[in-house]
Structure formats: structure tokens, C-alpha cells
Amino acid sequence: QVQLVESGGGLVQPGGSLRLSCAASRSILSFATMGWYRQPPGKQREMVATITSGGSTNDADSVKGRFTIARETTSDTVYVQMNSLKPEDTAVYYCNAITRLLLRSYWGQGTQVNVSS
């Protein structure tokens, strides 16, 4: 069983920054892909950014140039640095991991991000 624990959410003013962390219960290099997704109020969950085991990243167009996904293998943690936050970034942010074998998908419990003045 894989556990993903997110942290770092909160309330921030427009233009501010937050860094979300996702701590995995096993080596993040054992996953084919890890990523951040978000679900704004009343909307469907959407991809924010992903990173493969090889280190390739992919960002949603809506966050390009503002959000950066990164990982720290020594602590088995994936981060997303969020800069220049906008009210439309308000959402519950979820960490996801997909295993190499069987391509099984795991989700964290989510962390709330509110961007408001």
C-alpha cells in the first residue's frame, strides 16, 4: 500500500507564493510518474504538473511559468512551487503516484489552497 501525504496549503494573497509537499511512503523512483492535480470548487479535477521517474516534467498551460514541480529523492518527497498565485488557483490540491508495475494510481488526501485578498 502506498501512502501520500500532502502539506503546505493555506490562504495566500494574489501574487503570493506557496510550496506544496507530498511525502511518499516508499521510494519515489519506484513510480512511473508522480504529479499534482487540483479540483477547484464545483469543477472537475485537473492536472497541474507531473514528473516522471526519469525526471521529465509536464505543466498545465494554466500554470506554465508560475508553478514548478520538483522532487527530492533522499526524502521521497515531491514538491510544487507555486508563484504569482491567482484567485483561479484556489482548489484542493492532490498528489498522485502511478506505479511502474500494473500502473496502479494512488492519491493523497488533498490540501486546500485559497488565493484571496
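Brief remarks follow.
- Site-free segments of the chain were taken between trypsin sites (Lys or Arg not before Pro) in DSSP loops having at most 13 other Cβ atoms within 10 Å, sites themselves excluded; the longest one is 65-99.
- Accessible area of the chain belonging to carbon and sulfur atoms, whole % at 1.4 Å probe: 47
- For the range 20-103, the set of chymotrypsin sites (Phe, Trp or Tyr not before Pro) satisfying both a DSSP loop assignment and a count of at most 16 other C-beta atoms within 10 Å is empty.
- Radius of gyration, Dmax [the chain; alpha carbons; angstrom]: 13.4, 45
- Mean separation of Cα contacts under 8 Å, 6 or more apart, over the residue count of the chain: relative contact order %: 37
The values are calculated or read from the model by the stated rules, or taken from the named source; none is laboratory data. All values reported here derive from a predicted model rather than from experimental measurement. FYI the Cβ positions are ideal-geometry reconstructions off the backbone, even for glycines, and counts take in every protein chain you see. Each accessible area value is taken on the protein alone, full model and side chains, heavy atoms only, with ligands, DNA and RNA left out. Shrake-Rupley method; radii C 1.70, N 1.55, O 1.52, S 1.80 Å.
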